Each structure stands twice: as structure tokens, then as C-alpha cells.
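This report refers to the structure that appears directly beneath it.
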Amino acid sequence: MIETVGVVGLGLIGGSMAKAIRQYTDCTLLGYDADGAALGRALDEGVVSAPLTPDRLSECQLVVIALYPQATVAYVTAHRDQFRPGGIVMDCGGVKGVVCTPLEEVTRNAGFTFVGGHPMAGRERGGFTSSPEDLYVGASMILPPDETVDETFLDTLRTFFLDLGFAK
């Protein structure tokens, strides 16, 4: 069961994910964005409970990363030893090879499971202020097949994303 979630990147995709998590679950939600204004707004609006700092990554059963591909690789690489043992780290970028291929080596034997994901939703405007809580209602969440990921983790993610309104 997922009780604490971290969202890294609070733009359109990550901000919408954070708002959906806040709206549709009882999870404790921690957030991070390099743009202090976006994080401040998420805190002020009660979307996230507290900032997601590197020392708090180990509290999260799930960390959703909504950054550009190279930034995702850099973030996971830099924080490899801080993610929760037995936890799930998932990216939300549209490009899998650029992210998943370099992270195969980085995350091998790291103690957490990395999953490439792709929410099939978006809109013409970006940023936290344009992120709606219902962006993912009826949308598909693509979890590309990966024989190294235990089916239990995928089942946990499927249940979680269905709770957020994603389609079956």
C-alpha cells in the first residue's frame, strides 16, 4: 500500500499528478520543484504537505519524477542511495529509451525498483498554475513492459493510478 508519495517536478504533468494524488487519495504528499515559486504555490494551496528534500526520499513508497529526460536521469543518479529500499521510482516522460536505458545500470541492485511510465495526457499550457487535478481522468497510463520489474510492483502502480482516475 502506498502511503507516502514524492513528486519531483511540479509543472503541468507533475503538478497535475500531485493535485490528483491530493484529491483522490489519503497519501502524504511531498513535492519538489527547482522553481521555488511553483513549490511555494503547491505548499500554499495545500497540494503538497511538505517539501521533498533528499533526506525525505526514503519516506516515500513511490517517487514520481516529472522532469525532462536528461534531468530525470541526473536526478535518479544523484539520489540513487537516498530512495527507499523496496520503494518504486517512476518517471513520467514520454521518451523511454533516453531515460530507461541509462538508468538500467544506475538502478540495478540499488534496492528500489525503477519503472518507466507515460501518462497519456496533456494540454497546451504548462506549469503548476495550468495543472488541473482531473487531467488524468479517463487517460491511459502506459507502463512499458520490463521483465526485470516484479509484477507485484506493477499491480501496486495499476491500483494507484486507477484511484487517480486513469482508465483501465
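The values are calculated or read from the model by the stated rules, or taken from the named source; none is laboratory data. Bear in mind the structure is a predicted one, so any value in this text is a computation, not a measurement. Note: ideal-geometry Cβ built from the backbone for every residue, glycine included; neighbour counts use all protein chains shown. Just the protein is used for accessible areas: all its heavy atoms, side chains included, with ligands, DNA and RNA removed. Shrake-Rupley method; radii C 1.70, N 1.55, O 1.52, S 1.80 Å.
Just a few scattered comments:
- In the context of the full set of protein chains, the stretch 16-148 has a per residue accessible area of 49 Å² (1.4 Å probe).
- Helix runs (DSSP H) in the chain reaching 15 Å along axis by Cα, Kyte-Doolittle at least 0.0: 12-24, 151-163
- Per-atom-type breakdown for the chain gives carbon and sulfur 50% of the accessible area (1.4 Å probe, protein chains only).
- Looking at the chain alone, DSSP beta bridges between its own residues are antiparallel in about 10 percent of cases.
- Surface accessible to a 1.4 Å probe, Asp134 within the full protein complex, Å²: 90
- Between the labelled values (1) 1.35; (2) 0.92; (3) 1.05, the entry that holds Rg/Rh (Cα atoms, Kirkwood Rh) as derived from this structure is (2).
- Computed on protein heavy atoms with a 1.4 Å probe, the accessible areas place Ile21, Ile142 in the order Ile142, Ile21, largest first.
- Placing unit charges on the Cβ atoms only, positive for Lys and Arg and negative for Asp and Glu, gives the chain a dipole magnitude near 280 debye about its Cα centre.
- Residue separation of Asn109 and Ala167 scaled by 0.36 nm, minus their Cα-Cα distance, works out to 17.7 nm of gained length.
- Alpha-carbon centroid distance for the pair the stretch 1-72 / the stretch 114-168, whole angstrom: 14
- Contact order normalised by residue count of the stretch 1-107, Cα under 8 Å, 6+ apart, percent: 27
- Note on Gln82 and Thr148: the model spin-label points, each 7 Å out from Cα along the C-beta direction, lie 2.3 nm apart.
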